[in-house]
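Participant: The structure follows.
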Ligand SMILES: Cc1cc2nc3c(=O)[nH]c(=O)nc-3n(C[C@H](O)[C@H](O)[C@H](O)COP(=O)(O)O)c2cc1C
């Protein structure tokens, strides 16, 4: 892979044809994809999801503006950093300015050589839309296409986009066609408008209409939480992204392909392994604080697996207060009677067995 042109020259060259046929098309049948989730889809979680057979995983969104201008440089680079050996690295950018988007692409290619970039056209958060980014791009398909086109021209790898249906009405076909014409190699569609946030059900009919209207792979996003939801979407010829349901349940990527759900002990193993990876990735004073959202979700799964025991509430409360691995170990020992130290020697094997079962299911289904 060659290094892209310097920032001041990006945007000059014609759109390369290679962006059209990409690894997205080949991978889309390999299982569900971990959707980008700010605050959740970091490197340690992407690794867990991949272990369980996620076809690929998209990074948390990164500000193109910040990267291009080297503002909060470290933060942007840390958010998008791949873990060692990460396959199919897809970095999502939020951007409103074509030139800054292109510069961010060049910077990230130099830093990490990701396998693809993704443009965010879905985030409804104020701090993002106030800068004209995220779902604001849905108001002007031509401008959205200009931002994406600049990324395509700057990148030596494919560029995808992830959109909501519209700001308050469904304009997804129009936006998707504009993005595909500008060189998008794949499109992910969250079947809600920005105004809906997370209310109501995702509209998979609208997602299917987008898939019928463009000639690039389309992935649907919204409310898939089990094997039947996954199969339903795949039967309609659409790839599947999973976000919320995978938090605390990363084995879902194996389950949607028919894998067995883990036992309570195995859930502890997965959580402990994820926590160790998290601590190794984020050094600092309170390394588990930024994992509390995941831990709360694991607690929910653990309680269900143990049959909602009397100590369920106490465990949930303890897990969202832990600061360190020692706190986590003590909480599990005191409340659930699980000794992660004692079972430490088995963790590697158990983890590997679970992970291999997930990956094998993914291979079987893809084959
Ligand atoms: C906490 C959270 C953070 C999210 N962050 C992003 C993001 O950074 N970029 C993006 O395109 N979508 C983001 N999303 C949207 C999800 O990728 C997904 O489209 C949406 O949650 C619907 O899918 P689900 O029902 O499987 O959760 C986020 C969703 C959640 C819940």
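Participant: Select from the range 196-211 the residues that are touching a strand residue (DSSP E or B) at 6+ places or on another chain (Cβ under 9 Å) and without any contact (Cβ under 8 Å) to a residue 40 or more places away in the chain and write down the one among them that is nearest to residue 123 (Cα to Cα).
Facilitator: Ranking the candidates gives 196 first.
Participant: Moving to a separate point now. Return yes or no: is residue 171 within 22 Å of residue 55 (Cα to Cα), more than 16 Å from the ligand (Cβ to nearest atom) and in contact with a helix residue (DSSP H, G or I) (Cβ under 8 Å, 6 or more places away or on another chain)?
Facilitator: Taking the combined requirement at face value, the residue does not satisfy it.
Participant: Residues of the range 127-139 being buried (at least 22 other Cβ atoms within 10 Å of the Cβ) and part of a loop (DSSP other than H, G, I, E, B), which ones? I'd like the intermediate steps shown before the answer.
Facilitator: Residues of the range 127-139 buried (at least 22 other Cβ atoms within 10 Å of the Cβ): 133-135, 137-138.
Hit for the range 127-139 is 133, nothing else.
Participant: Could I ask something else about it? Can you tell me how many residues in the range 102-126 are more than 19 Å from residue 82 (Cα to Cα) and either within 10 Å of the ligand (Cβ to nearest atom) or surrounded by 23 or more Cβ atoms within 10 Å (Cβ to Cβ) (or both)?
Facilitator: Total meeting the criteria: 7.
Participant: Another question about this same structure. In this structure, is residue 99 assigned by TED's automatic domain parsing to the domain that holds residue 174, part of a helix (DSSP H, G or I) and either in contact (Cβ under 8 Å) with a residue 12 or more places away in the chain or surrounded by fewer than 24 Cβ atoms within 10 Å (Cβ to Cβ) (or both)?
Facilitator: Yes: the conditions hold for residue 99.
Participant: Being under 13 Å from residue 112 (Cβ atoms), at pLDDT 95 or above, within 15 Å of the ligand (Cβ to nearest atom) and surrounded by 24 or more Cβ atoms within 10 Å (Cβ to Cβ) is the requirement here; does residue 90 meet it?
Facilitator: Yes; evaluated as a whole, the condition is true for this residue.
Participant: Report, by residue number, each residue of the range 188-203 that is more than 10 Å from the ligand (Cβ to nearest atom) and buried (at least 20 other Cβ atoms within 10 Å of the Cβ).
Facilitator: Answer for the range 188-203, where residues must be more than 10 Å from the ligand (Cβ to nearest atom) and buried (at least 20 other Cβ atoms within 10 Å of the Cβ): 193, 194, 203.
Participant: On to the next question. Please name all residue pairs, on different chains or six or more residues apart, with Cβ atoms under 8 Å, provided the first residue is in the range 149-174 and is not assigned by TED's automatic domain parsing to the domain that holds residue 35 and the second residue is crowded, with 24+ Cβ neighbours inside 10 Å.
Facilitator: Partner pairs satisfying both residue conditions: none exist.
Participant: Shifting gears a bit: Does residue 327 qualify as being surrounded by fewer than 18 Cβ atoms within 10 Å (Cβ to Cβ) and outside the structural domain of residue 52 (by TED's automatic domain parsing)?
Facilitator: It is true that residue 327 is surrounded by fewer than 18 Cβ atoms within 10 Å (Cβ to Cβ) and outside the structural domain of residue 52 (by TED's automatic domain parsing).
Participant: I'd like the full set of residues that are surrounded by fewer than 21 Cβ atoms within 10 Å (Cβ to Cβ) and more than 15 Å from residue 247 (Cβ to Cβ), limited to the range 212-225.
Facilitator: Result: 212, 213, 214, 215.
Participant: The conditions are (1) within 27 Å of residue 32 (Cβ to Cβ); (2) loosely packed, with under 15 Cβ neighbours inside 10 Å; (3) modelled with pLDDT of 90 or more, and residue 352 fails exactly one of them. Which is it?
Facilitator: Against the list (1) within 27 Å of residue 32 (Cβ to Cβ); (2) loosely packed, with under 15 Cβ neighbours inside 10 Å; (3) modelled with pLDDT of 90 or more, residue 352 comes up short only on (3).
Participant: How do the pairs read when you match residues in the range 236-252 that are within 13 Å of residue 300 (Cα to Cα) with residues anywhere that are part of a strand (DSSP E or B) and within 12 Å of the ligand (Cβ to nearest atom), using Cβ under 7 Å and keeping only pairs 6 or more apart or on different chains?
Facilitator: Hits for this filter: 246/34.
Participant: Take the residues in the range 325-347 that are outside any helix (DSSP H, G or I) and out of contact with any helix residue (DSSP H, G or I) (no Cβ under 6 Å at 6 or more places or on another chain), then tell me which one is modelled with the lowest pLDDT.
Facilitator: 343
Participant: Right, here's the next one. Regarding residue 142, is this residue in the same structural domain as residue 183 (by TED's automatic domain parsing), modelled with pLDDT of 95 or more and either in a helix (DSSP H, G or I) or touching a helix residue (DSSP H, G or I) at 6+ places or on another chain (Cβ under 8 Å) (or both)? Walk me through how you get there before you give the answer.
Facilitator: On the way: in the same structural domain as residue 183 (by TED's automatic domain parsing): yes; modelled with pLDDT of 95 or more: yes; either in a helix (DSSP H, G or I) or touching a helix residue (DSSP H, G or I) at 6+ places or on another chain (Cβ under 8 Å) (or both): yes.
Taking the combined requirement at face value, the residue satisfies it.
Participant: Separate question: Please enumerate the residues belonging to the range 138-162 that are within 13 Å of the ligand (Cβ to nearest atom) and more than 19 Å from residue 104 (Cβ to Cβ).
Facilitator: Of everything in the range 138-162, just one residue is within 13 Å of the ligand (Cβ to nearest atom) and more than 19 Å from residue 104 (Cβ to Cβ), namely 138.
Participant: Kindly indicate whether residue 277 is under 20 Å from the mean Cα position of the chain (by Cα), surrounded by fewer than 16 Cβ atoms within 10 Å (Cβ to Cβ) and on the phi < 0 side of the Ramachandran plot.
Facilitator: It is false that residue 277 is under 20 Å from the mean Cα position of the chain (by Cα), surrounded by fewer than 16 Cβ atoms within 10 Å (Cβ to Cβ) and on the phi < 0 side of the Ramachandran plot.
The values are calculated or read from the model by the stated rules, or taken from the named source; none is laboratory data. The model shown is predicted, which means the values in this text are computed figures rather than measured ones. With ideal geometry, Cβ positions are generated from the backbone for all residues, glycine too; neighbour counts draw on all protein chains shown.
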